[in-house]
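Here is the structure we will look at, set down as structure tokens.
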Ligand SMILES: [Zn+2]
């Protein structure tokens, strides 16, 4: 057994734990969930805007409808006068009829406005219904994804939990100052502090060491580092 084999074994366990932590923190389901939640937020704001538009259009509709009611009341009054028999002057009768024609024309125009505004109300209602349906779909999807994230996170946590005692046992076999050096190197070098040296090739950075240097390290009892990546090399 090489003097630094324990260090290499510790590195192997730490690499597995790191990889599981990385996977746990970068779940595909989590990314999908964030996308779905942002889509829901966008729909919420579209829905709020559309509701405002709906209210405005509804108010226009009410306004036009009350204009028509008022006009109809005026017309009714004139018609009542016309047929009441109280007005007999032909000139006056003629002017009432003229006025009624004028009201009728006005009413046609306003009724066209009403149709237009009713169509635009219908349009926005359709849109609001579509938004609602889409939000329901997304909300279902969001719940499913949340479930997935919880489940997958728990699975990784369990695996990591099981590895930690093995890691501690392995770490306890290593001298404290060497362990401290290992920890700080790991921090510095993205998690990998120790690499195997196989056939003169550093497994940390995949650089081939000069044959003489590789031979020296292979027979050395000292702590050696890769001249390229600074990792502790274990032959
Ligand atoms: Zn290297």
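No value in this document is a laboratory result; all are computed from the given coordinates. Here the structure is a predicted model, which means the values were calculated and not measured. Here the Cβ positions follow ideal geometry from the backbone for every residue, glycine too, while neighbour counts run over all protein chains shown.
Things to note:
- Of all residues in the range 211-231, at least one satisfies being away from the ligand (no atom under 16 Å from the Cβ), touching a residue at least 60 places away in the same chain (Cβ under 8 Å) and more than 18 Å from residue 17 (Cβ to Cβ).
- Every residue from the range 180-200 that is exposed (fewer than 12 other Cβ atoms within 10 Å of the Cβ) and away from the ligand (no atom under 16 Å from the Cβ): 180, 184, 187
- Qualifying positions in the range 14-40 - surrounded by fewer than 18 Cβ atoms within 10 Å (Cβ to Cβ) and within 13 Å of residue 182 (Cβ to Cβ): 15
- Checked against (1) within 14 Å of the ligand (Cβ to nearest atom); (2) in contact with a strand residue (DSSP E or B) (Cβ under 7 Å, 6 or more places away or on another chain); (3) in contact (Cβ under 8 Å) with a residue 24 or more places away in the chain, residue 203 passes all but condition (3).
- In summary, residue 118 fulfils each of the numbered conditions (1) in contact (Cβ under 8 Å) with a residue 60 or more places away in the chain; (2) more than 30 Å from residue 21 (Cβ to Cβ) with the single exception of condition (1).
- Selected residue (only one of 108, 44 is in a helix (DSSP H, G or I), in contact (Cβ under 8 Å) with a residue 60 or more places away in the chain and surrounded by fewer than 14 Cβ atoms within 10 Å (Cβ to Cβ)): 44
- Hey, residue 137 under 21 Å from residue 17 (Cα atoms), without any contact (Cβ under 8 Å) to a residue 24 or more places away in the chain, assigned to a helix (DSSP H, G or I) and away from the ligand (no atom under 15 Å from the Cβ) or not: no
- Qualifying residue in the range 159-179 (condition: under 30 Å from residue 47 (Cα atoms) and either within 16 Å of the ligand (Cβ to nearest atom) or surrounded by 15 or more Cβ atoms within 10 Å (Cβ to Cβ) (or both)): no
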